[in-house]
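Heads up: the structure comes next, in C-alpha coordinates.
The values are calculated or read from the model by the stated rules, or taken from the named source; none is laboratory data. Fair warning: this is a prediction, and the values are worked out from it, not measured in the lab. Every residue, glycine among them, receives a Cβ derived from its backbone with ideal geometry; neighbour counts consider all protein chains shown. We work out accessible area using only protein heavy atoms, side chains counted, and drop any ligands, DNA or RNA first. Shrake-Rupley method; radii C 1.70, N 1.55, O 1.52, S 1.80 Å.
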Amino acid sequence: MATIISGKELSLQIRGEIAEKAKQFEEQNGRLPGLAVIIVGENPASKVYVRNKHRACGECGMYSEVIELPEQTPEEELLAVIDELNGRSEIDGILVQLPLPRHIKESVVINRISPEKDVDVFHPVNVGRLTTGNYTLAPCTPAGVVEMLVRSGVEIKGKKCVVVGRSNIVGKPLALLLLEKNGTVTVCHSRTADLKAECLEADILVAAIGKPKFITADMVKPGAVVVDVGINRNEEGKLCGDVDYENVEPLCSYITPVPGGVGPMTITMLMKNTLLAAEERAKG
Ligand code: GUN
(Lines give C-alpha, C1' and ligand atoms only; values in the text may rest on other atoms or scores of the structure.)
Protein backbone atom coordinates (compact mmCIF):
# COMPACT_ATOMS: atom_id res chain seq x y z
CA MET A 1 0.00 0.00 0.00
CA ALA A 2 1.37 3.35 -1.04
CA THR A 3 1.27 6.58 0.89
CA ILE A 4 -0.92 8.94 -1.11
CA ILE A 5 0.57 12.41 -1.44
CA SER A 6 -2.40 14.75 -1.37
CA GLY A 7 -1.70 17.91 -3.31
CA LYS A 8 -5.02 19.22 -2.09
CA GLU A 9 -4.05 18.95 1.59
CA LEU A 10 -0.50 20.18 1.08
CA SER A 11 -1.84 23.12 -0.91
CA LEU A 12 -4.13 24.12 1.93
CA GLN A 13 -1.17 24.18 4.29
CA ILE A 14 1.13 26.05 1.89
CA ARG A 15 -1.55 28.58 0.95
CA GLY A 16 -1.90 29.31 4.69
CA GLU A 17 1.85 29.94 4.90
CA ILE A 18 1.72 32.19 1.82
CA ALA A 19 -1.23 34.16 3.27
CA GLU A 20 0.85 34.80 6.43
CA LYS A 21 3.74 36.11 4.33
CA ALA A 22 1.42 38.18 2.13
CA LYS A 23 0.15 39.86 5.32
CA GLN A 24 3.71 40.64 6.38
CA PHE A 25 4.40 41.98 2.90
CA GLU A 26 1.40 44.28 3.20
CA GLU A 27 2.54 45.53 6.62
CA GLN A 28 5.96 46.37 5.24
CA ASN A 29 4.95 47.73 1.85
CA GLY A 30 1.46 49.13 2.28
CA ARG A 31 0.02 46.98 -0.49
CA LEU A 32 -0.77 43.35 -1.28
CA PRO A 33 1.23 41.23 -3.71
CA GLY A 34 -0.66 41.41 -7.02
CA LEU A 35 -1.24 39.02 -9.92
CA ALA A 36 -2.72 39.86 -13.32
CA VAL A 37 -4.05 37.02 -15.45
CA ILE A 38 -4.89 37.61 -19.10
CA ILE A 39 -7.20 35.28 -20.99
CA VAL A 40 -7.84 35.66 -24.71
CA GLY A 41 -10.95 33.97 -26.07
CA GLU A 42 -13.40 31.47 -24.67
CA ASN A 43 -11.53 28.17 -24.20
CA PRO A 44 -13.67 26.49 -21.51
CA ALA A 45 -10.75 24.68 -19.79
CA SER A 46 -8.73 27.92 -19.73
CA LYS A 47 -11.67 29.76 -18.18
CA VAL A 48 -11.81 27.20 -15.34
CA TYR A 49 -8.04 27.48 -14.76
CA VAL A 50 -8.20 31.28 -14.68
CA ARG A 51 -11.11 31.25 -12.24
CA ASN A 52 -9.16 28.86 -9.99
CA LYS A 53 -6.12 31.16 -10.07
CA HIS A 54 -8.26 34.16 -9.17
CA ARG A 55 -9.81 32.22 -6.26
CA ALA A 56 -6.42 31.05 -5.02
CA CYS A 57 -5.26 34.69 -4.88
CA GLY A 58 -8.21 35.42 -2.62
CA GLU A 59 -7.31 32.48 -0.36
CA CYS A 60 -3.73 33.73 -0.12
CA GLY A 61 -4.74 37.30 0.63
CA MET A 62 -3.37 38.66 -2.62
CA TYR A 63 -4.66 41.21 -5.08
CA SER A 64 -5.72 39.75 -8.41
CA GLU A 65 -6.98 41.06 -11.68
CA VAL A 66 -8.40 39.02 -14.55
CA ILE A 67 -8.26 40.64 -17.97
CA GLU A 68 -10.60 39.01 -20.46
CA LEU A 69 -9.94 39.82 -24.10
CA PRO A 70 -12.02 38.71 -27.10
CA GLU A 71 -10.83 35.87 -29.35
CA GLN A 72 -10.15 38.29 -32.25
CA THR A 73 -7.86 40.58 -30.22
CA PRO A 74 -4.91 41.56 -32.47
CA GLU A 75 -1.47 40.53 -31.21
CA GLU A 76 -0.44 44.21 -30.99
CA GLU A 77 -3.33 44.91 -28.64
CA LEU A 78 -2.37 42.04 -26.33
CA LEU A 79 1.23 43.28 -26.32
CA ALA A 80 -0.01 46.76 -25.36
CA VAL A 81 -1.92 45.28 -22.41
CA ILE A 82 1.25 43.47 -21.30
CA ASP A 83 3.28 46.70 -21.62
CA GLU A 84 0.79 48.47 -19.40
CA LEU A 85 0.94 45.70 -16.76
CA ASN A 86 4.76 45.65 -16.92
CA GLY A 87 4.67 49.32 -15.95
CA ARG A 88 2.15 49.10 -13.09
CA SER A 89 3.84 49.04 -9.70
CA GLU A 90 1.03 47.20 -7.88
CA ILE A 91 1.25 44.24 -10.29
CA ASP A 92 4.00 41.75 -9.36
CA GLY A 93 3.02 38.81 -11.54
CA ILE A 94 1.68 38.61 -15.09
CA LEU A 95 0.33 35.39 -16.55
CA VAL A 96 -1.05 34.98 -20.04
CA GLN A 97 -3.20 31.86 -20.10
CA LEU A 98 -2.24 29.42 -22.85
CA PRO A 99 -3.15 28.28 -25.44
CA LEU A 100 -3.59 31.55 -27.35
CA PRO A 101 -5.71 31.93 -30.51
CA ARG A 102 -3.82 30.86 -33.64
CA HIS A 103 -3.22 34.37 -34.97
CA ILE A 104 -1.15 35.29 -31.89
CA LYS A 105 2.44 34.09 -31.62
CA GLU A 106 3.06 32.58 -28.20
CA SER A 107 6.81 33.28 -28.11
CA VAL A 108 6.31 36.98 -28.95
CA VAL A 109 3.83 37.31 -26.10
CA ILE A 110 5.97 35.44 -23.56
CA ASN A 111 9.04 37.49 -24.51
CA ARG A 112 7.12 40.72 -23.88
CA ILE A 113 6.43 39.98 -20.19
CA SER A 114 9.00 41.57 -17.92
CA PRO A 115 11.15 38.66 -16.61
CA GLU A 116 10.73 40.04 -13.08
CA LYS A 117 6.94 39.60 -13.39
CA ASP A 118 7.03 36.32 -15.32
CA VAL A 119 5.46 34.08 -12.65
CA ASP A 120 4.98 31.24 -15.18
CA VAL A 121 8.78 31.23 -15.68
CA PHE A 122 8.42 30.87 -19.46
CA HIS A 123 10.55 33.88 -20.49
CA PRO A 124 13.91 32.81 -22.02
CA VAL A 125 15.78 34.94 -19.45
CA ASN A 126 14.14 32.99 -16.63
CA VAL A 127 14.66 29.67 -18.40
CA GLY A 128 18.34 30.63 -18.62
CA ARG A 129 18.45 31.48 -14.92
CA LEU A 130 16.84 28.14 -14.14
CA THR A 131 19.35 26.30 -16.30
CA THR A 132 22.31 27.88 -14.50
CA GLY A 133 20.76 27.37 -11.06
CA ASN A 134 20.67 31.12 -10.42
CA TYR A 135 16.95 31.71 -9.95
CA THR A 136 14.26 32.91 -7.57
CA LEU A 137 11.18 31.83 -9.52
CA ALA A 138 10.74 28.16 -10.43
CA PRO A 139 8.14 27.04 -12.98
CA CYS A 140 4.87 26.19 -11.27
CA THR A 141 4.13 22.56 -12.19
CA PRO A 142 7.71 21.29 -11.77
CA ALA A 143 8.07 23.28 -8.54
CA GLY A 144 4.82 21.72 -7.32
CA VAL A 145 6.18 18.23 -8.00
CA VAL A 146 9.41 18.89 -6.08
CA GLU A 147 7.51 20.53 -3.20
CA MET A 148 5.27 17.45 -2.89
CA LEU A 149 8.30 15.17 -2.72
CA VAL A 150 10.20 17.33 -0.23
CA ARG A 151 7.23 17.88 2.08
CA SER A 152 6.46 14.15 2.06
CA GLY A 153 10.02 13.41 3.17
CA VAL A 154 11.03 11.75 -0.12
CA GLU A 155 14.77 12.20 -0.59
CA ILE A 156 15.79 13.19 -4.13
CA LYS A 157 19.55 13.33 -3.58
CA GLY A 158 21.29 10.41 -5.30
CA LYS A 159 18.01 8.91 -6.48
CA LYS A 160 17.41 7.74 -10.01
CA CYS A 161 14.68 10.05 -11.32
CA VAL A 162 12.97 9.24 -14.59
CA VAL A 163 10.81 11.94 -16.17
CA VAL A 164 8.59 10.72 -18.99
CA GLY A 165 7.80 13.71 -21.19
CA ARG A 166 10.02 16.52 -22.48
CA SER A 167 7.71 19.52 -22.74
CA ASN A 168 8.97 23.04 -22.09
CA ILE A 169 6.34 23.48 -19.37
CA VAL A 170 6.91 20.27 -17.39
CA GLY A 171 9.47 17.66 -18.50
CA LYS A 172 12.49 19.83 -19.31
CA PRO A 173 12.25 22.26 -16.36
CA LEU A 174 11.42 19.43 -13.94
CA ALA A 175 14.59 17.62 -15.01
CA LEU A 176 16.53 20.79 -14.09
CA LEU A 177 14.85 21.12 -10.67
CA LEU A 178 15.50 17.45 -9.85
CA LEU A 179 19.13 17.90 -10.91
CA GLU A 180 19.32 20.93 -8.62
CA LYS A 181 18.22 18.59 -5.79
CA ASN A 182 21.04 16.21 -6.76
CA GLY A 183 18.88 13.56 -8.35
CA THR A 184 20.28 11.48 -11.22
CA VAL A 185 17.89 12.39 -13.99
CA THR A 186 16.81 10.65 -17.18
CA VAL A 187 14.32 12.30 -19.52
CA CYS A 188 12.32 9.89 -21.68
CA HIS A 189 10.05 10.66 -24.63
CA SER A 190 8.22 9.13 -27.57
CA ARG A 191 11.51 8.14 -29.30
CA THR A 192 13.10 6.52 -26.25
CA ALA A 193 14.33 3.09 -27.38
CA ASP A 194 13.19 1.00 -24.39
CA LEU A 195 10.85 3.06 -22.27
CA LYS A 196 9.82 0.19 -20.03
CA ALA A 197 13.42 -0.62 -19.14
CA GLU A 198 14.15 3.06 -18.35
CA CYS A 199 11.05 3.36 -16.15
CA LEU A 200 11.87 0.15 -14.27
CA GLU A 201 15.14 1.78 -13.16
CA ALA A 202 13.34 4.70 -11.52
CA ASP A 203 13.31 5.35 -7.78
CA ILE A 204 11.21 8.40 -8.59
CA LEU A 205 9.06 8.12 -11.71
CA VAL A 206 7.28 11.19 -13.07
CA ALA A 207 4.63 10.81 -15.75
CA ALA A 208 4.06 13.92 -17.87
CA ILE A 209 2.96 12.47 -21.19
CA GLY A 210 -0.68 13.42 -21.58
CA LYS A 211 -2.01 9.92 -22.28
CA PRO A 212 -4.40 8.14 -19.89
CA LYS A 213 -3.07 4.97 -18.19
CA PHE A 214 0.21 5.21 -20.13
CA ILE A 215 2.32 4.09 -17.17
CA THR A 216 1.32 0.53 -16.36
CA ALA A 217 2.28 -1.69 -13.41
CA ASP A 218 4.90 -3.61 -15.42
CA MET A 219 6.84 -0.34 -15.87
CA VAL A 220 7.17 0.44 -12.16
CA LYS A 221 9.88 -0.83 -9.82
CA PRO A 222 8.37 -2.08 -6.54
CA GLY A 223 8.80 0.60 -3.87
CA ALA A 224 9.18 3.43 -6.37
CA VAL A 225 7.71 6.91 -5.85
CA VAL A 226 5.26 7.74 -8.65
CA VAL A 227 4.21 11.29 -9.52
CA ASP A 228 1.40 11.76 -12.03
CA VAL A 229 1.35 15.13 -13.82
CA GLY A 230 -1.23 14.06 -16.40
CA ILE A 231 -4.69 15.60 -16.64
CA ASN A 232 -6.77 13.62 -19.12
CA ARG A 233 -10.39 12.68 -19.56
CA ASN A 234 -11.24 8.98 -19.89
CA GLU A 235 -14.00 7.47 -22.04
CA GLU A 236 -16.60 8.45 -19.43
CA GLY A 237 -15.33 12.04 -19.31
CA LYS A 238 -13.81 11.51 -15.85
CA LEU A 239 -10.54 13.25 -14.95
CA CYS A 240 -7.60 10.84 -14.89
CA GLY A 241 -3.82 10.95 -14.96
CA ASP A 242 -1.11 9.31 -17.07
CA VAL A 243 -0.69 6.44 -14.59
CA ASP A 244 -2.82 3.31 -14.41
CA TYR A 245 -3.44 4.23 -10.77
CA GLU A 246 -5.47 1.21 -9.73
CA ASN A 247 -2.77 -1.28 -10.72
CA VAL A 248 0.31 0.85 -9.98
CA GLU A 249 -0.68 2.11 -6.51
CA PRO A 250 -0.25 -1.26 -4.72
CA LEU A 251 3.34 -1.44 -6.00
CA CYS A 252 4.73 1.90 -4.96
CA SER A 253 5.86 3.56 -1.75
CA TYR A 254 4.31 6.95 -2.57
CA ILE A 255 1.91 8.03 -5.30
CA THR A 256 0.09 11.24 -6.26
CA PRO A 257 -3.61 11.01 -7.20
CA VAL A 258 -5.45 12.70 -10.08
CA PRO A 259 -7.38 14.84 -9.35
CA GLY A 260 -6.11 16.31 -6.07
CA GLY A 261 -2.41 15.75 -6.74
CA VAL A 262 -0.09 17.90 -8.81
CA GLY A 263 -2.96 20.12 -10.12
CA PRO A 264 -3.66 22.09 -6.94
CA MET A 265 0.09 22.33 -6.25
CA THR A 266 0.65 24.06 -9.60
CA ILE A 267 -1.68 26.90 -8.65
CA THR A 268 -0.17 27.05 -5.17
CA MET A 269 3.29 27.49 -6.68
CA LEU A 270 1.89 30.31 -8.83
CA MET A 271 0.85 32.01 -5.59
CA LYS A 272 4.31 31.41 -4.17
CA ASN A 273 5.91 32.93 -7.28
CA THR A 274 3.68 36.00 -7.08
CA LEU A 275 4.76 36.52 -3.46
CA LEU A 276 8.44 35.94 -4.33
CA ALA A 277 8.22 38.34 -7.29
CA ALA A 278 6.62 40.96 -5.00
CA GLU A 279 9.36 40.52 -2.40
CA GLU A 280 12.11 40.76 -5.04
CA ARG A 281 10.58 43.90 -6.55
CA ALA A 282 10.20 45.48 -3.08
CA LYS A 283 13.91 44.89 -2.47
CA GLY A 284 14.52 46.91 -5.64
N1 GUN B 1 -2.11 26.52 -19.82
C2 GUN B 1 -1.95 25.29 -19.32
N3 GUN B 1 -0.99 25.30 -18.36
C4 GUN B 1 -0.55 26.57 -18.28
C5 GUN B 1 0.42 27.22 -17.46
O6 GUN B 1 1.10 26.63 -16.63
N7 GUN B 1 0.57 28.55 -17.67
C8 GUN B 1 -0.15 29.24 -18.59
N9 GUN B 1 0.09 30.54 -18.72
N10 GUN B 1 -1.06 28.67 -19.36
C11 GUN B 1 -1.26 27.34 -19.19
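The table below gives the values:
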| quantity | calculated |
| --- | --- |
| Alpha-carbon centroids, the stretch 245-261 and the stretch 187-220: separation in whole Å | 14 |
| Accessible-area composition of the chain, carbon plus sulfur, in percent [1.4 Å probe] | 51 |
| The chain: angle of helix 140-151 to the longest principal axis, Cα-based, in degrees nearest 10 | 60 |
| Cross-link pairs beyond the 31 Å C-alpha cut-off, checked among 53/159; 159/283; 172/196; 105/159 | 53/159; 159/283; 105/159 |
| Rounded tilt (10° steps) of 44-59 against the dominant C-alpha axis of the chain | 70 |
| Peptides 247-253, 222-228 ordered by average Cβ neighbours within 10 Å, highest first | 222-228, 247-253 |
| Local electrostatic count at residue 146 - Lys and Arg +1, Asp and Glu -1, tallied over other residues with Cβ under 13 Å | +2 |
| At most 10 other Cβ within 10 Å, DSSP loop - GluC sites (Glu not before Pro), the stretch 179-277 | 235, 236 |
| Integer Hz, Karplus 6.51/-1.76/1.60 couplings in order for the stretch 209-221, x for Gly and Pro | 9, x, 10, x, 6, 5, 8, 9, 4, 6, 9, 10, 6 |
| CD proxy at 222 nm, helix term only [per DSSP H run n ≥ 4: -39500 (n - 2.57); per residue of the chain; nearest 500] | -13500 deg cm²/dmol |
| Kirkwood-based Rg to Rh ratio, the stretch 51-126, C-alpha trace | 0.95 |
| The stretch 1-87: trypsin sites (Lys or Arg not before Pro) in DSSP loop, at most 16 other beta carbons within 10 Å | 31 |
| Beta bridges by DSSP in the chain, antiparallel share as percent, to the nearest 5 | 5 |
| 14 Å beta-carbon shell around residue 76, net charge (K/R +1, D/E -1) | -2 |
| Backbone HN-Hα couplings from phi across the stretch 274-284 [Karplus 6.51/-1.76/1.60, Hz, Gly and Pro as x] | 5, 5, 4, 5, 4, 5, 5, 5, 5, 5, x |
| Degrees between helix 75-87 axis and first principal axis of the chain (Cα, 0 to 90, nearest 10) | 80 |
| Per residue solvent-accessible surface (Å²) - the chain, probe of 1.4 Å | 48 |
| Alpha-carbon centroid distance for the pair the stretch 44-123 / the stretch 148-180, whole angstrom | 27 |
